[in-house]
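Written below as structure tokens is the structure these notes are about.
None of the figures in this text is laboratory data; all of them are computed from the coordinates on show. Only a predicted model underlies this, so the values are computations on that prediction, with no experimental measurement involved. Neighbour counts run over all protein chains shown; Cβ positions are idealised from the backbone, glycine included.
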Amino acid sequence: MLEELRDRNPGLATVRDYLAVQYLAKGDLPAFVAETFALAEIRGDEGDIAEARELARMVPEGKAATLALFVDHTMADFVSGDRKTLVWPIYVASMADDREDVLRLMAILAQRKEVWGSAGLVRQIARHWQADRNIMAQINARRPQSMVEPRG
């Protein structure tokens, strides 16, 4: 449905943003990068356009390399203050299946005592790491108590 909406209204930034997240979750990097680039163009953000071009050049290098670069971009946004939490960088590292990077980022967010509210992203991160007790314990420590899933 989102693709249909995008095709009828190619200038809707929110649709492009949602599609990018969904393509990333599915591992469709070319589609993710295309939506990321389209979103940057819609917003007219030269920095984001340059980052999207860089990601596009990295796609032939493979998923790990492309997403490692994207994690670097999201962390630069975090360091500059453009991003307030680490949920998005951890989501990207999770989609890259980069456990080491996820644990590194989790250590930073534990020091910051972040509490996450991005339920959709957190749910996808948790789904990805559901068999990893260490990461799941850290995820649950960052969620508001109302979002912690009961064990059963």
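In plain terms, the chain from A13 to K84 could stretch by 23.5 nm, reckoned as 0.36 nm per residue minus the Cα-Cα distance.
Model label sites at I108 and R123, defined 7 Å from Cα along the beta-carbon direction, differ in position by 2.7 nm.
Only one item in (1) 65, 44, 24; (2) 50, 39, 32; (3) 43, 30, 28 matches Cα extents along the principal axes in Å derived from the coordinates shown, and that item is (3).
Roughly what angle does helix 13-26 make with the longest principal axis of the chain, taking Cα atoms, 0 to 90 degrees, to the nearest 10? Relative to the chain, helix 13-26 is tipped by roughly 60 degrees. Helical content alone sets the calculated 222 nm signal of the chain at -22500 deg cm²/dmol, taking -39,500 (n - 2.57) per DSSP H segment of four or more residues and averaging over every residue. Only lysines eight or more places from K113 in sequence, or on another chain, were considered; those with a Cα closer than 26 Å are K84.
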